[in-house]
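Written below as structure tokens is the structure these notes are about.
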């Protein structure tokens, strides 16, 4: 689903030659750095770097990866992704089985005043509390938020920052593809999104990676209006790929008032239950 060669090509194309001391003129036709320039700046032979970009060189050393990360100006998330892609041929990463412990499900009930969800690396909603179901306007378990954002045009208006959300989703799925390259369900999801969405295809070709940690999330709910919330992601320490997401509003803000109003509404047709323990593999 993802490979070291393609990632290197896209990162190379985004480096401004001027930032690494290479003069440019109007005759330059290459976007970003040339292969030989990356090789020279990284201290490797041109032949070896070309083989890396062609997928013919395996097991680059840590020193080579460090040098490439420096030259390509990778951030922390991109650097980890680079190392992970380089190690893919050395070992097989087993796709985690996402069985939710009852104790984790009980946590959802302890967050009554904020939408809270449990999601896996494919962005499947495994469980949620009542307020999250009201926010999404449907029973959430079984919902895949990537499909919801890219393929369900009727629901697109829910996401006030739709374009930003699409970039976040693609960046997350790119990262997941690097972590779980042998996950057939993830591969199938990515293929479905690519077939159904021009924007997904364009963003996927950029090979950007993004780690979901925290940040602003805005929703335009059809009944309570704009909800400007803060999303906090809590990854479980067991490497299962499961995260707990909590969407909160600062005290005394319109968003907090809107959440209180949302909580008074009737639940979706089938209210998600946190008493069962769904299993997704």
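Residues are listed down the side, and each one gets a yes or a no for (1) at pLDDT 85 or above; (2) surrounded by 15 or more Cβ atoms within 10 Å (Cβ to Cβ); (3) within 20 Å of residue 142 (Cα to Cα):
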position	(1), (2), (3)
215	yes, no, no
243	yes, yes, yes
257	yes, no, no
269	no, no, yes
274	no, yes, yes
278	no, yes, yes
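Read through the list (1) assigned to a helix (DSSP H, G or I); (2) without any contact (Cβ under 8 Å) to a residue 12 or more places away in the chain; (3) surrounded by 13 or more Cβ atoms within 10 Å (Cβ to Cβ), then give the number of the only condition that residue 57 fails.
In the conditions (1) assigned to a helix (DSSP H, G or I); (2) without any contact (Cβ under 8 Å) to a residue 12 or more places away in the chain; (3) surrounded by 13 or more Cβ atoms within 10 Å (Cβ to Cβ), residue 57 misses (1) alone.
Which one of these is without any contact (Cβ under 8 Å) to a residue 12 or more places away in the chain and either surrounded by 21 or more Cβ atoms within 10 Å (Cβ to Cβ) or not assigned by TED's automatic domain parsing to the domain that holds residue 77 (or both): 153, 228, 192, 232?
The conditions single out 153.
Sort through 41, 134 and tell me the only one that's out of contact with any strand residue (DSSP E or B) (no Cβ under 7 Å at 6 or more places or on another chain) and outside the structural domain of residue 267 (by TED's automatic domain parsing).
None of the other options fit; the residue is 41.
Does residue 123 meet the test of being closer than 25 Å to residue 205 by Cα, surrounded by fewer than 19 Cβ atoms within 10 Å (Cβ to Cβ) and touching a helix residue (DSSP H, G or I) at 6+ places or on another chain (Cβ under 6 Å)?
no
The values are calculated or read from the model by the stated rules, or taken from the named source; none is laboratory data. Every value quoted in this text rests on a predicted model; they were computed, and no experiment measured them. Glycine also receives a Cβ, built like all others from the backbone with ideal geometry; neighbour counts cover every protein chain displayed.
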